[in-house]
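Peer 1: This is the structure, below, for whatever I ask next.
The values are calculated or read from the model by the stated rules, or taken from the named source; none is laboratory data. All figures in this text were calculated on a predicted structure; none of them were measured in a lab. Here Cβ is always computed from backbone atoms with ideal geometry, including for glycine, and neighbour counts include all displayed protein chains.
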Amino acid sequence: MQNFQGELAFITGGASGAGLGQALVFGRAGAHIVIADLRADAISAALEKLKAEGITAHGITLDITDREAYARAADEVEQVFGQAPTLLFNTAGVNSFGPVEKTTYGDFDWLIGVNLGGVINGMVTFVPRMIASGKAGHIVTCSSMGGLSGSALAAPYCAAKAAVINLMEGYAMGLAKYNIGVSVICPANIKSNIAEATKLRPADLGPSGYRADEATVESLNSIHQHGMEPETLAEWTKKGIEKGDLYIIPYPEAKEQIRAHFDKIVDAVLPLEADPEGAEKRTKALMDWASNGAKVFVQTNG
């Protein structure tokens with residue numbers, strides 16, 4: 001996608017941080033904007049900022065873990081704009097830090113529920129509508145550098161973000177035939193208020209195994225205040241969409257860290273001479289299945 005004039009963008013977490021950066025950048029490029037966020041007051045402030053720049057914008061209060069609410073939000077978009085989005089940004093996310101061995105069920109339910117479940121809800125809600133529209137489109141999902149490796153202090157978050165990368169790889173392969181592109185952003189630090197996210201954790205999830213107080217928030221903010229500006233990240237995202245990139249990682253300082261991590265994985269794979277006969281047999285079976293057996297799993301409309 002090269003031209004965003006007249007496109008319709010649905011952005012989760014769109015009232016602040018990376019989401020608001022996307023709303024501003026793509027709105028300035030001519031797209032109509034729908035920002036979905038859990039915080040009604042933040043939506044109002046964001047809409048005021050967008051409309052002050054002449055951007056056509058609409059706000060929807062949405063808990064992305066609520067599937068019924070997500071469906072209602074999609075219906076509202078179509079009622080207001082007369083169409084499904086052509087740009088879907090799965091940007092909303094939360095984080096909480098603490099020792100992996102102290103992680104509770106509630107911590108897992110919240111962090112994976114929002115960071116992975118929220119993305120799943122966005123895809124299942126909107127992808128069929130985007131396909132049915134027959135229009136070209138693009139989906140951008142926000143993962144994280146944390147999705148490329150594990151962390152003893154952010155294990156559930158990193159696990160969810162890793163799953164998001166894998167999921168977008170699958171969607172990229174599956175949606176290409178519909179002229180719908182897919183990208184996944186893997187940011188490091190962003191100048192955002194994600195450190196405040198623990199204040200949004202539902203009380204009914206039970207106790208957390210992590211410390212969450214003003215001191216921990218201040219500690220995280222000391223990192224995020226030096227992060228990439230949200231609008232800068234959105235500009236890189238726009239360039240990635242224009243080029244059709246699957247991965248968008250505009251953090252040059254991370255390159256060698258990523259390379260070292262994946263080199264360890266590649267080095268762990270046995271050389272071909274360790275089991276040539278088994279490798280040939282397994283490869284042939286997979287190729288035969290891909291050519292013939294896989295067809296029974298592919299559903300068509302015709």
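Peer 1: If I go through region 134-165 residue by residue, how many of them are assigned to a strand (DSSP E or B) and of a type in the set (Val, Ile, Thr)? Lay out the reasoning, then the answer.
Peer 2: Just the residues of region 134-165 that are assigned to a strand (DSSP E or B), to begin with: 137-142.
Now restrict to residues that are of a type in the set (Val, Ile, Thr): 139-141.
Selection size over region 134-165: 3.
Peer 1: Mind listing just one residue for me: the one in region 178-208 that is more than 30 Å from GLU242 (Cβ to Cβ) and basic (Lys, Arg) and, of those, modelled with the lowest pLDDT?
Peer 2: LYS199
Peer 1: Hey, could you check region 238-292 for residues that are under 30 Å from ALA23 (Cβ atoms) and among the aromatic types (Phe, Trp, Tyr) and say which is nearest to the chain's Cα centre (by Cα)? Explain how you work it out, then say what you get.
Peer 2: Of the residues in region 238-292, the ones under 30 Å from ALA23 (Cβ atoms) are 238-255, 258.
Within this subset, residues satisfying the condition of being among the aromatic types (Phe, Trp, Tyr) are 247, 251.
Numbers: TYR247: 11, TYR251: 17 Å.
Among residues in region 238-292 that are under 30 Å from ALA23 (Cβ atoms) and among the aromatic types (Phe, Trp, Tyr), the one nearest to the chain's Cα centre (by Cα) is TYR247.
Peer 1: With the requirement that a residue be among the polar types (S, T, N, Q) and at pLDDT 95 or above, what does region 221-238 give you?
Peer 2: Of everything in region 221-238, those that are among the polar types (S, T, N, Q) and at pLDDT 95 or above turn out to be THR232, THR237.
Peer 1: Test of understanding: among TYR171, TYR157, which residue is of a type in the set (Ser, Thr, Tyr), within 18 Å of ASN95 (Cα to Cα) and within 16 Å of the chain's Cα centre (by Cα)?
Peer 2: TYR157
Peer 1: Continuing with the same structure: May I ask you to list the residues in region 72-90 that are small (Gly, Ala, Ser) and either surrounded by fewer than 14 Cβ atoms within 10 Å (Cβ to Cβ) or free of Cβ contacts under 8 Å to residues at least 12 places away in the same chain (or both)? Can you show your working first?
Peer 2: Initially, region 72-90 is screened for residues small (Gly, Ala, Ser), giving 73-74, 82, 84.
GLY82 - this is the single residue of region 72-90 that is small (Gly, Ala, Ser) and either surrounded by fewer than 14 Cβ atoms within 10 Å (Cβ to Cβ) or free of Cβ contacts under 8 Å to residues at least 12 places away in the same chain (or both).
Peer 1: Being closer than 22 Å to GLY106 by Cβ and hydrophobic (A, V, I, L, M, F, W, C): is that true of ALA197 here? Full working, then the answer.
Peer 2: Details: closer than 22 Å to GLY106 by Cβ: yes; hydrophobic (A, V, I, L, M, F, W, C): yes.
Yes, satisfied.
Peer 1: What residue, of GLY118, GLY93, GLY98, is in contact (Cβ under 8 Å) with a residue 12 or more places away in the chain and part of a helix (DSSP H, G or I)? Working first, answer last.
Peer 2: Values: GLY93 fails: part of a helix (DSSP H, G or I); GLY98 fails: part of a helix (DSSP H, G or I).
Sole residue among the options that is in contact (Cβ under 8 Å) with a residue 12 or more places away in the chain and part of a helix (DSSP H, G or I): GLY118.
Peer 1: Follow-up question, since we're still on this one. Identify all residues within region 176-196 that are surrounded by fewer than 20 Cβ atoms within 10 Å (Cβ to Cβ), among the hydrophobic types (A, V, I, L, M, F, W, C) and assigned to a helix (DSSP H, G or I); write none if there are none.
Peer 2: Matches in region 176-196: ALA176 only.
Peer 1: Still on this structure: Output the residues belonging to region 41-56 that are surrounded by fewer than 22 Cβ atoms within 10 Å (Cβ to Cβ), within 29 Å of PRO202 (Cα to Cα) and among the hydrophobic types (A, V, I, L, M, F, W, C).
Peer 2: ALA42, ALA45, LEU47
Peer 1: Hey, among the residues in region 253-302 that are β-branched (Val, Ile, Thr) and closer than 30 Å to CYS186 by Cβ, which one's modelled with the lowest pLDDT?
Peer 2: For region 253-302, the residue satisfying everything is VAL298.
Peer 1: Here are the criteria: (1) exposed (fewer than 15 other Cβ atoms within 10 Å of the Cβ); (2) part of a loop (DSSP other than H, G, I, E, B); (3) of a type outside the set (S, T, N, Q). Tell me which single one TYR210 does not satisfy.
Peer 2: (1)
Peer 1: Which numbered condition trips up PRO230, out of (1) buried (at least 17 other Cβ atoms within 10 Å of the Cβ); (2) out of contact with any Leu (no Cβ under 9 Å at 6 or more places or on another chain)?
Peer 2: (2) is the only condition that PRO230 fails.
Peer 1: Do you know which residues across region 24-50 are under 20 Å from ILE180 (Cα atoms) and among the aliphatic types (A, V, I, L, M)?
Peer 2: If the condition is that a residue be under 20 Å from ILE180 (Cα atoms) and among the aliphatic types (A, V, I, L, M), then ALA29, ALA31, ILE33, VAL34 are the ones that fit.
Peer 1: Is it the case that region 97-104 has a residue that's within 26 Å of GLY227 (Cβ to Cβ), surrounded by fewer than 24 Cβ atoms within 10 Å (Cβ to Cβ), in contact with a helix residue (DSSP H, G or I) (Cβ under 8 Å, 6 or more places away or on another chain) and among the hydroxyl-bearing types (Ser, Thr, Tyr)?
Peer 2: Yes: one or more hits.
Peer 1: While we're looking at this one, here's another question. Search region 1-43 for residues being of a type in the set (A, V, I, L, M) and part of a helix (DSSP H, G or I), and hand back the single one that is farthest from GLU242 (Cα to Cα). Before you say what the answer is, go through the steps one by one.
Peer 2: As a first pass, look at region 1-43 and keep what is of a type in the set (A, V, I, L, M): 1, 8-9, 11, 15, 18, 20, 23-25, 29, 31, 33-36, 38, 40, 42-43.
Then keep just the ones that are part of a helix (DSSP H, G or I); that gives 18, 20, 23-25, 40, 42-43.
Details: ALA18: 19, LEU20: 20, ALA23: 17, LEU24: 17, VAL25: 14, ALA40: 32, ALA42: 30, ILE43: 28 Å.
Among those that are of a type in the set (A, V, I, L, M) and part of a helix (DSSP H, G or I), it is ALA40.
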